[in-house]
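Undergrad: Before anything else, here's the structure in question.
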Amino acid sequence: MKELEIIPIEYGKSVLPESMIFQGGAEDKSRPIVFMIYLIKTKNRLILADAGCETMPGFDMRDFIGPIKSLEKLSIKPEDITDVIITHAHHDHIECVKYFKNASIYIQRDEYESGKGYFAEGMNLKLFDDEIQICSDVKAVKIGGHSKGSCIVEISDGEKRYIIAGDECYLRECLEKQIPTGSSYCLEKSREFIEKYGNGEYTVLLCHEK
């Protein structure tokens, strides 16, 4: 196995109005999206960026198998996961966290207040303010654009720098055209995110587009 490996795990598809995806998007026009979590393999850790969901009320879901079955296809059981980083407390990113009872769960303090109802009793929660180091190559960093405490995951393999964007950005087109998300808690921070991470210095991995 490589010292560090990032594996995208797609577990469903749907559509989202353009007005939610980017500023100035049409309310009556939709774009296809996927639902994705990421598995980060290091020498001795199995880290998930987001937990995903098993239900998605109000969405017309297609090809939906959920994150747990998707992990099983990789011969990984929930109890094998050592760490889960929650980028933010919206339903599709946090619902399945209850299954990862052996893992350390990392969530920004403000997001914990929004999402605390999703956690099972006795889970090993690690709250943080601005950022937290999970291991030498992986850390979670607060952005606060999409929601009050929304975060990204920064990863370095010694040669490249990657980020897993959570919902700070839905489509690669938004990075290329420097258009912030239409689903923004703080538009200023959403703009700062697009300017910093859309400049080509980072490989950006998205949770709603392959």
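Undergrad: Grab the strands (runs of 3 or more DSSP E) fully contained in the stretch 21-119, keeping just those with 3 or more residues being of a type outside the set (Gly, Ala, Ser) and crowded, with 21+ Cβ neighbours inside 10 Å. I'd like the intermediate steps shown before the answer.
TA: Numbers: elements: 30-41, 46-49, 83-85, 104-108.
Here the list reads 30-41, 83-85, 104-108.
Undergrad: Sticking with this structure for a sec: Here's a check for you: in the stretch 123-175, which residue that is part of a strand (DSSP E or B) and among the acidic types (Asp, Glu) is nearest to the chain's Cα centre (by Cα)?
TA: Initial filter on the stretch 123-175 (part of a strand (DSSP E or B)): 124-128, 131-135, 138-142, 151-156, 161-164.
Of the ones still in play, those that are also among the acidic types (Asp, Glu) are 131, 154.
Working: Glu131: 15, Glu154: 11 Å.
Result: Glu154.
Undergrad: Which condition does Ser19 not pass, out of (1) out of contact with any strand residue (DSSP E or B) (no Cβ under 9 Å at 6 or more places or on another chain); (2) among the small types (Gly, Ala, Ser); (3) closer than 30 Å to Asp80 by Cβ, if it passes all the others?
TA: (3)
Undergrad: With the requirement that a residue be assigned to a loop (DSSP other than H, G, I, E, B), polar (S, T, N, Q) and closer than 14 Å to Ser147 by Cβ, what does the stretch 176-199 give you?
TA: Taking the stretch 176-199 as the starting set, the residues that turn out to be assigned to a loop (DSSP other than H, G, I, E, B) are 178-186, 198-199.
From what's left, polar (S, T, N, Q): 178, 181, 183-184, 199.
Within the stretch 176-199, Thr181, Ser183, Ser184 qualify.
Rule-based calculations on the coordinates, nothing more; no lab input. Values in this document were obtained by computation on a predicted structure and should not be read as measured data. Note that we place each Cβ from the backbone using ideal geometry, even for glycine, and neighbour counts take in every protein chain shown.
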